[in-house]
Amino acid sequence: MAVLVTGGAGYIGSHTAVALHDAGREGVIVDNFSNSSPKAVDAVRALTTDSMVMVEADMLDSEAVARVFKDHDIDEVIHFAAYKAVGESVDKPLDYYRNHLGSTIGLVAAMVEAGVSKLVFSSSCTVYGQPDVIPVTEAAPTGAESPYGWTKYMSEQILNDAAAAVDLDVVLLRYFNPVGAHESGTLGEDPNGIPNNLVPFVMQVAVGRLAKVMVFGGDYDTADGTAVRDYIHVVDLAEGHVAALDALAGEISGCTAVNLGTGVGHTVLDVVHAASAAVGSPIPYEVVGRRSGDIEKIYAHPAYAEEVLGWRSKRDLADMMRDHWNWQRQNPNGFR
Ligand code: UD1
């Protein structure tokens with residue numbers, strides 16, 4: 001039996017395909033390479049097995065998706081395939097709604113048709129907005145600030161309703177800020193164009209592709225005035241997906257939302273300094289104005305993940321920066 005990994009060539013999907021193999025499961029990757037590279041699949045195969053199945057298909061193509069279930073013995077699904085740029089979602093909301101809601105609905109329909117009932121879904125802490133209480137628990141109110149966030153919020157709702165109506169058990173994993181790379185340095189994050197996210201930007205400065213880090217906002221109510229996030233090592237995150245499948249194979253049923261974070265908040269400057277330490281030389285930065293739409297502070301309450309998944313993060317910020325740098329140093333231009 002195999003795990004269908006949609007978006008398995010992407011940053012989190014590819015690391016999860018490796019973690020599944022390491023834990024004794026095999027993935028069947030489906031990806032359309034709209035924002036990923038076939039070379040990521042080569043890297044996954046090199047770390048796992050040459051026989052890892054890769055199907056090039058769009059998750060909106062219902063015939064192709066049905067064929068994957070017919071051609072392979074799938075008994076579990078992890079749904080990563082999605083766009084991920086918050087700013088782009090504001091400019092192209094219909095693309096985001098069509099892709100995210102269409103693929104989720106189509107996938108669940110195909111699962112029901114094929115009699116597959118275990119699903120892990122990539123959600124985001126963005127559904128909490130700026131929480132009133134930090135660390136944020138899964139019981140906190142949810143909503144969204146962008147079309148991207150609304151697609152996550154709506155997908156969660158759709159999956160809640162579907163789980164109540166059909167034979168479907170779902171774990172919604174609300175990711176905090178994934179960073180880092182596989183310890184081999186052969187697999188990592190490879191954003192298109194100028195990175196939107198902090199750590200890929202910092203690392204591109206470190207390899208000389210960009211001049212300096214713009215730190216967005218130095219006047220927040222935090223220890224050093226810069227915004228606080230819960231950065232989590234992508235391999236910890238990947239292992240959280242394996243734990244979620246194990247939980248679905250055991251006790252858990254219905255639709256359950258779980259935070260995947262470390263429970264520790266770091267400021268932007270903490271990250272720049274940790275990256276400088278990993279790189280071995282100071283990374284130039286300048287504090288500039290706030291980025292519109294940013295929140296001041298968020299980090300996870302990780303206790304529920306430990307309770308229901310038996311999972312907790314193991315890697316700290318220094319590990320994240322060491323591994324991200326190891327990847328970026330060996331692959332200054334990513335997979336290109
Ligand atoms: C964003 C999204 C989130 C998404 C995540 C990963 C929002 C509100 N949230 O999280 O939904 O899941 O990306 O794709 O957009 N920063 C700088 N300089 C930079 C880049 C970032 O100072 O060049 C700061 C930001 O202002 C923020 C922190 O670094 O305080 C982290 O930013 P980023 O990596 O973009 O992630 P989020 O905004 O937390």
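The values are calculated or read from the model by the stated rules, or taken from the named source; none is laboratory data. Quantities reported herein were computed from a predicted structural model and do not represent experimental measurements. With ideal geometry, Cβ positions are generated from the backbone for all residues, glycine too; neighbour counts draw on all protein chains shown. Remember, those area values only see protein heavy atoms, side chains included, never the ligands or the DNA or RNA. Shrake-Rupley method; radii C 1.70, N 1.55, O 1.52, S 1.80 Å.
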Count of the range 114-155 residues which are in contact with a helix residue (DSSP H, G or I) (Cβ under 7 Å, 6 or more places away or on another chain), assigned to a helix (DSSP H, G or I) and not polar (S, T, N, Q): 8
Close pairs (7 angstrom Cβ cut-off, 6 or more residues apart or separate chains): over 30 Å from residue 333 (Cα atoms) in the range 208-227, more than 12 Å from the ligand (Cβ to nearest atom) anywhere: 225/219
Unmet requirement for residue 150, which otherwise passes all of (1) farther than 30 Å from residue 325 by Cβ; (2) touching a residue at least 60 places away in the same chain (Cβ under 8 Å); (3) among the aromatic types (Phe, Trp, Tyr): (2)
Residue within the range 163-174 that is near the ligand (Cβ under 10 Å from one of its atoms) and assigned to a strand (DSSP E or B) present: yes
Among the residues listed as 6, 49, the single one being more than 17 Å from the chain's Cα centre (by Cα) and modelled with pLDDT of 95 or more: 49
All helices (runs of 4 or more DSSP H) inside the range 1-85 with 2 or more residues being without any contact (Cβ under 8 Å) to a residue 40 or more places away in the chain, in contact with a helix residue (DSSP H, G or I) (Cβ under 9 Å, 6 or more places away or on another chain) and not basic (Lys, Arg): 11-22
Single residue of 152, 118 found to be among the basic types (Lys, Arg) and open to solvent by less than 40 Å² (accessible area, probe 1.4 Å): 152
Index of the failed condition, residue 221 passing every other in (1) touching a Phe, Trp or Tyr at 6+ places or on another chain (Cβ under 9 Å); (2) surrounded by fewer than 18 Cβ atoms within 10 Å (Cβ to Cβ): (1)
Every residue from the range 243-260 that is crowded, with 22+ Cβ neighbours inside 10 Å and closer than 22 Å to residue 17 by Cβ: 243, 244, 245, 247, 258, 260
Residue under evaluation residue 194, criteria (1) crowded, with 18+ Cβ neighbours inside 10 Å; (2) in a loop (DSSP other than H, G, I, E, B); (3) out of contact with any strand residue (DSSP E or B) (no Cβ under 9 Å at 6 or more places or on another chain), criterion not met: (1)
Qualifying residues in the range 155-185 (those that are polar (S, T, N, Q) and open to solvent by less than 60 Å² (accessible area, probe 1.4 Å)) - the one nearest to residue 312 (Cα to Cα): 177
